[in-house]
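As structure tokens, the structure follows; a few thoughts come after it.
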Amino acid sequence: MTDFVMRGPRDEGLLSRLLEAIPGLADAPEYLALDTSDKRLPYIVAARASEYWERLEREQESQLLNALSAGLESLAGDLDPAVRDLVVAILNPLGADSPLAKRMKLHLGPNAKALLEKFVR
């Protein structure tokens, strides 16, 4: 039996917003490892964005981290709840109490921090 996943213009718009807002994600190995069909699913790509962010934090890529933080902050302040939901998906690993999660939280702006505090435990 074939898996059936509905996709539409809404998903494409969310994906383009996500890929535009997070510099380097489209070229990151975390994203490139996805199957073509998975690259069309916003929440799968958001999960890979989290992995990308974690790698940048471990490698201490400060320039990319600053750009990623600015992109996340922009998305977190969006009026569209679907865009903010993507940010929550990216922030989800920050619910852990690990040293890496604590370092990643330091890069959050006020909009992203508000989403983290409200939705991520």
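The values are calculated or read from the model by the stated rules, or taken from the named source; none is laboratory data. Predicted, not measured: the structure shown is a model, and the values here were computed from it. Glycine gets a Cβ as well: all are built from the backbone with ideal geometry, and neighbour counts include every protein chain shown.
Of the numbered criteria (1) modelled with pLDDT under 90; (2) buried (at least 17 other Cβ atoms within 10 Å of the Cβ), the one G8 fails is (2). Of the residues R17, R40, the single one that is touching a helix residue (DSSP H, G or I) at 6+ places or on another chain (Cβ under 7 Å) and surrounded by fewer than 16 Cβ atoms within 10 Å (Cβ to Cβ) is R40.
Yes/no matrix, rows are residues, columns are (1) at pLDDT below 90; (2) in contact with an Asp or Glu (Cβ under 7 Å, 6 or more places away or on another chain); (3) not hydrophobic (A, V, I, L, M, F, W, C):
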residue	(1), (2), (3)
L79	no, no, no
A96	yes, no, no
L106	yes, no, no
G109	no, yes, yes
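Checking the structure you have, find out if any residue of segment 92-102 is in a loop (DSSP other than H, G, I, E, B), of a type outside the set (G, A, S) and touching a residue at least 12 places away in the same chain (Cβ under 8 Å). Within segment 92-102, none of the residues are in a loop (DSSP other than H, G, I, E, B), of a type outside the set (G, A, S) and touching a residue at least 12 places away in the same chain (Cβ under 8 Å). Against the list (1) without any contact (Cβ under 8 Å) to a residue 24 or more places away in the chain; (2) under 17 Å from D85 (Cα atoms); (3) surrounded by 19 or more Cβ atoms within 10 Å (Cβ to Cβ), the condition A49 fails is (1). If the condition is being among the hydroxyl-bearing types (S, T, Y) and at pLDDT 95 or above, then segment 14-48 contributes only Y31. With the checklist (1) part of a helix (DSSP H, G or I); (2) over 12 Å from the mean Cα position of the chain (by Cα); (3) not aromatic (F, W, Y) in hand, flag the one item E30 doesn't pass. Going through the list (1) part of a helix (DSSP H, G or I); (2) over 12 Å from the mean Cα position of the chain (by Cα); (3) not aromatic (F, W, Y), E30 breaks only (2).
Under the condition of being closer than 17 Å to P23 by Cβ and touching a residue at least 40 places away in the same chain (Cβ under 8 Å), the residues counted in segment 103-121 number 4. Just checking, does segment 48-71 include any residue being among the acidic types (D, E), on the phi < 0 side of the Ramachandran plot and part of a loop (DSSP other than H, G, I, E, B)? Within segment 48-71, one or more residues are among the acidic types (D, E), on the phi < 0 side of the Ramachandran plot and part of a loop (DSSP other than H, G, I, E, B).
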